[in-house]
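J.: Got a structure for you, written out below as structure tokens; questions coming shortly.
The values are calculated or read from the model by the stated rules, or taken from the named source; none is laboratory data. What you see is a predicted model; the values in this text were computed from it and never measured. Cβ placement follows ideal geometry from the backbone for every residue including glycine, while neighbour counts extend to all protein chains displayed.
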Amino acid sequence: MRGKKLLSGLVWFCAVIFFLLPSQTTHAQQVKRRYLDKFQDLSIKLMNETGIPASVILGVGMLESGMGTSRNARLLHNHFGIVGRNSLAKKHPTYRSKYREFKSDTACYEHFVKLLARKKWYPQLKGKAEYAVWLDHMNRSGYSTAGHEWIRRVSNLIKKYKLYKLDTQMDYAKNAES
């Protein structure tokens with residue numbers, strides 16, 4: 001009798017897991033799709049204004065913000081791990097963060113490309129769509145403490161979501177000549 005109850009419980013447990021797993025995967029895919037849909041056009045716009053590949057802008061944002069699910073992205077509109085002042089302690093007394101607060105997600109994206117545009121290597125790379133070269137320069141200039149692992153993770157996101165295809169829309173050279 002006890003064995004039957006155990007077996008019955010195990011069957012129910014497996015059935016519940018069987019039905020829950022696909023919904024979790026679907027939810028994760030929806031989160032990723034929503035992030036891409038929300039920031040893809042902004043990344044392309046910024047690419048054409050600055051000559052920084054959209055794949056780099058979006059790939060770094062995806063990684064650093066956990067596809068927009070991180071506390072920094074949700075509470076501070078900070079998608080890139082940019083350090084600075086925030087007012088979190090006033091809003092949530094238990095939260096502390098060293099990361100900068102932005103008025104909007106767009107403001108954060110715009111600040112990120114301005115940071116890159118101030119780098120000494122920026123003039124030689126602007127308008128070039130080779131994301132691997134951009135990531136290597138960012139890594140060497142200390143953007144991330146994770147080093148080559150950071151490059152690998154951003155590169156994997158760029159490849160997995162085919163973000164490099166966005167770079168074919170780069171119109172920076174034409175805009176720069178005008």
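J.: Please determine, by comparing only the residues of the stretch 42-72 that are within 27 Å of W121 (Cβ to Cβ) and free of Cβ contacts under 8 Å to residues at least 40 places away in the same chain, which one is surrounded by the fewest Cβ atoms within 10 Å (Cβ to Cβ). Before you say what the answer is, go through the steps one by one.
T.: Taking the stretch 42-72 and keeping what is within 27 Å of W121 (Cβ to Cβ), we get 42-65, 72.
Remaining after also requiring free of Cβ contacts under 8 Å to residues at least 40 places away in the same chain: 45, 64-65, 72.
Working: K45: 15, E64: 21, S65: 23, N72: 24.
Selected residue: K45.
J.: Follow-up question, since we're still on this one. Would you pick out the residues in the stretch 51-110 that are of a type in the set (F, W, Y) and part of a loop (DSSP other than H, G, I, E, B)?
T.: Here is the first cut: in the stretch 51-110, the residues of a type in the set (F, W, Y) are 80, 95, 99, 102, 109.
Those that are of a type in the set (F, W, Y) and part of a loop (DSSP other than H, G, I, E, B): F80, Y95, F102.
J.: A further question follows. Just checking, how many residues over the stretch 141-166 are more than 16 Å from the chain's Cα centre (by Cα) and at pLDDT 95 or above? Steps first, please.
T.: In the first step, residues of the stretch 141-166 are kept if they are more than 16 Å from the chain's Cα centre (by Cα); the result is 141-142, 145, 147-148, 165.
From what's left, at pLDDT 95 or above: 165.
Result for the stretch 141-166: 1.
J.: So is S155 of a type in the set (G, A, S), over 17 Å from L42 (Cβ atoms), surrounded by 12 or more Cβ atoms within 10 Å (Cβ to Cβ) and out of contact with any strand residue (DSSP E or B) (no Cβ under 8 Å at 6 or more places or on another chain) or not?
T.: On the way: of a type in the set (G, A, S): yes; over 17 Å from L42 (Cβ atoms): yes; surrounded by 12 or more Cβ atoms within 10 Å (Cβ to Cβ): yes; out of contact with any strand residue (DSSP E or B) (no Cβ under 8 Å at 6 or more places or on another chain): yes.
Judged against the criteria, S155 is a match.
J.: Give me the residue from the stretch 126-148 that is crowded, with 19+ Cβ neighbours inside 10 Å and aliphatic (A, V, I, L, M) and, out of that set, nearest to D167 (Cα to Cα).
T.: A129
J.: Hey, F39 hits all of (1) modelled with pLDDT under 95; (2) part of a helix (DSSP H, G or I); (3) aromatic (F, W, Y) but one; which does it fall short on?
T.: Exception for F39: condition (1).
J.: Right, here's the next one. Out of the residues in the stretch 167-176 that are assigned to a helix (DSSP H, G or I) and surrounded by 18 or more Cβ atoms within 10 Å (Cβ to Cβ), state the one that is modelled with the highest pLDDT.
T.: Of the stretch 167-176, the ones assigned to a helix (DSSP H, G or I) are 167-169, 172-176.
When the remaining residues are screened for being surrounded by 18 or more Cβ atoms within 10 Å (Cβ to Cβ), the result is 167, 172.
Details: D167: 96, Y172: 65.
If we take residues in the stretch 167-176 being assigned to a helix (DSSP H, G or I) and surrounded by 18 or more Cβ atoms within 10 Å (Cβ to Cβ), then D167 is modelled with the highest pLDDT.
J.: Sort out which residues of the stretch 111-122 are part of a loop (DSSP other than H, G, I, E, B) and surrounded by 12 or more Cβ atoms within 10 Å (Cβ to Cβ), and write them in order of number.
T.: K119, W121
J.: Could you tell me which of the residues A89, A129, A117 is touching an Asp or Glu at 6+ places or on another chain (Cβ under 8 Å) and either under 30 Å from T168 (Cβ atoms) or without any contact (Cβ under 8 Å) to a residue 12 or more places away in the chain (or both)?
T.: Working: A89 fails: touching an Asp or Glu at 6+ places or on another chain (Cβ under 8 Å); A117 fails: touching an Asp or Glu at 6+ places or on another chain (Cβ under 8 Å).
Answer to the selection: A129.
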